[in-house]
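The values are calculated or read from the model by the stated rules, or taken from the named source; none is laboratory data. These numbers were taken from a predicted model, which means no experiment stands behind them. Because the Cβ atoms are built from the backbone with ideal geometry, glycine has one as well, and the counts that use them run over all protein chains shown. When the accessible area is computed, the model is the full protein with side chains, heavy atoms only, and any ligands, DNA or RNA have been set aside. Shrake-Rupley method; radii C 1.70, N 1.55, O 1.52, S 1.80 Å.
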Amino acid sequence: MNSSRLNQHTTPLRRPDTHPLRRADDHPRPPATVTLVVPALNEARNIPWVFAQIPDCVDEVILVDGASVDATVHMARECLPGVRSVPQSGPGKGNALRTGFRSATGDYIVMMDADGSMSPTEIPHFLHFLDHGYDFVKGSRFIAGGGSLDITWFRQLGNHVLLTAVNHLYHASLTDLCYGFCAFRRSFLDDLDLHSSGFEIETEMIAHALCSGLRIAEVPSLELPRRSGRSNLHAISDGRRVLRTLLSERPRAWSAARCERSPA
């Protein structure tokens with residue numbers, strides 16, 4: 001066989017370490033940094049399990065303490081010495097989350113509960129969608145791969161009613177509404193324009209993300225039973241607050257309210 005013909009086929013066309021589409025002084029963009037915000041109120045028994053599941057892709061963990069009377073803060077520091085503990089400035093889950101968001105330094109913010117109902121091992125799946133162009137990623141219990149081991153028929157019925165309302169009022173096609181496992185780009189925090197103090201903040205976030213035209217993705221998530229303690233959620237009263245939020249924050253009303261709040 002002709003040796004020159006053999007060399008013609010076996011010699012690489014270019015060195016494998018070259019990149020023809022990149023200039024010599026170009027460098028890959030560094031990976032985005034991630035802040036995990038965890039609001040907590042008397043969750044000392046649940047913190048060890050939650051913090052043990054946090055993946056290495058999380059750079060900063062902020063525990064927002066709602067004046068816990070148990071060892072929540074101490075337990076968090078024992079489990080994760082680098083955790084930042086921040087006292088919330090007022091009552092309610094909404095206030096706790098807004099406090100944590102203001103303290104976050106990461107490019108991406110992930111929010112989840114401290115009761116063990118959400119697994120931190122799912123966080124990389126949320127980040128994958130942020131890395132690939134989405135601005136706001138929310139967990140869904142009602143798409144393929146998701147589910148709930150905790151939801152009652154009454155809460156599921158309420159979620160269905162509220163989900164129908166948000167999809168109708170906001171011309172959306174979401175599959176889950178009342179579930180607070182979300183991630184978003186911190187650069188869009190001002191666009192989310194959050195003011196709620198209670199559980200309805202999760203709905204306010206989604207409503208404002210829709211109104212702002214953010215690119216939203218839903219990812220499957222499995223809701224687990226609370227590991228210990230009792231939930232602070234009140235299905236009927238909190239459901240009413242969620243519905244009021246959907247009605248007051250619908251696109252036309254939201255645009256008018258933002259104009260009123262904007263400085264002249």
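Descriptive notes on the structure:
- Residue pairs meeting the criteria (Cβ under 8 Å; at least 6 apart or on separate chains; first within 15 Å of P55 (Cα to Cα), in the stretch 20-39; second modelled with pLDDT under 65 and open to solvent by 100 Å² or more (accessible area, probe 1.4 Å)): none
- Pair list, Cβ < 8 Å and 6+ apart or interchain, from the stretch 80-100 residues that are under 14 Å from M112 (Cα atoms) to residues that are part of a helix (DSSP H, G or I): K93/I201; G94/I201; G94/E204; L97/I201; R98/I201
- In the set (1) modelled with pLDDT under 80; (2) assigned to a loop (DSSP other than H, G, I, E, B), the condition left unmet by R45 is number (1).
- Just one residue in the set G90, G116, G106 is at pLDDT 95 or above, out of contact with any Gly (no Cβ under 6 Å at 6 or more places or on another chain) and either open to solvent by less than 40 Å² (accessible area, probe 1.4 Å) or part of a helix (DSSP H, G or I) (or both); that residue is G106.
- Residue within the stretch 36-55 that is within 27 Å of D191 (Cα to Cα), charged (D, E, K, R) and surrounded by fewer than 19 Cβ atoms within 10 Å (Cβ to Cβ) present: no
- Matching entry among V64, V69, V110, V83 (being β-branched (V, I, T) and over 29 Å from A217 (Cβ atoms)): V69
- Search result, residues across the stretch 56-84 that are touching a strand residue (DSSP E or B) at 6+ places or on another chain (Cβ under 8 Å), of a type in the set (G, A, S) and either part of a loop (DSSP other than H, G, I, E, B) or open to solvent by 40 Å² or more (accessible area, probe 1.4 Å) (or both): G66, A67, S68, G82
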